[in-house]
Amino acid sequence: MKRVEPTSIGELLDSLFKSPNIAAKIVEGSLPETWRRVVGPAMAAETRQVRFVRGTLYVHVASSVVRSELMRRREALTAALNREAGMAIIKSVVVQ
């Protein structure tokens, strides 16, 4: 019987978290916090809901002024969020 070298739990977890599907789910889970970091505290305070569905980030905001500003910056926000997340997971941002 062939002997296999033992693998540490840390190595196993690293390889698990680096798999594309798992890494994408981890990034999805951290999108609300990433959103707060990218837009800043003032705009984040006006944000009521952030949800991610099939490549689109839906953001609900309370203020029409903030909504207008975010709609103008959608492309820049998409790029900044993907850069902060470390992968191109967001295809578009919809501000409601």
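For the reader, a short list of remarks on this structure follows.
- For region 74-89, a residue qualifies if it is surrounded by 13 or more Cβ atoms within 10 Å (Cβ to Cβ) and touching a strand residue (DSSP E or B) at 6+ places or on another chain (Cβ under 9 Å), and the qualifying residues are ARG74, LEU77, THR78, LEU81, ILE89.
- Which listed residue, of GLU69, GLU46, is more than 23 Å from ILE26 (Cβ to Cβ), at pLDDT 90 or above and either in contact with a strand residue (DSSP E or B) (Cβ under 6 Å, 6 or more places away or on another chain) or among the β-branched types (Val, Ile, Thr) (or both): GLU46
- Test for GLU75: is it touching a residue at least 12 places away in the same chain (Cβ under 8 Å) and acidic (Asp, Glu): no
- Consider region 30-71 and keep the residues that are more than 11 Å from the chain's Cα centre (by Cα) and among the polar types (S, T, N, Q). The one that is surrounded by the most Cβ atoms within 10 Å (Cβ to Cβ) is THR47.
- Failed item in (1) aliphatic (A, V, I, L, M); (2) surrounded by 12 or more Cβ atoms within 10 Å (Cβ to Cβ); (3) modelled with pLDDT under 90, with LEU16 passing the rest: (2)
- Odd one out for ILE26, checked against (1) within 10 Å of the chain's Cα centre (by Cα); (2) at pLDDT below 80; (3) outside any helix (DSSP H, G or I): (3)
The values are calculated or read from the model by the stated rules, or taken from the named source; none is laboratory data. Keep in mind that this is a model prediction, so the values were computed, not measured. As a convention, Cβ positions derive from the backbone with ideal geometry for all residues, glycine included, and neighbour counts pool all protein chains shown.
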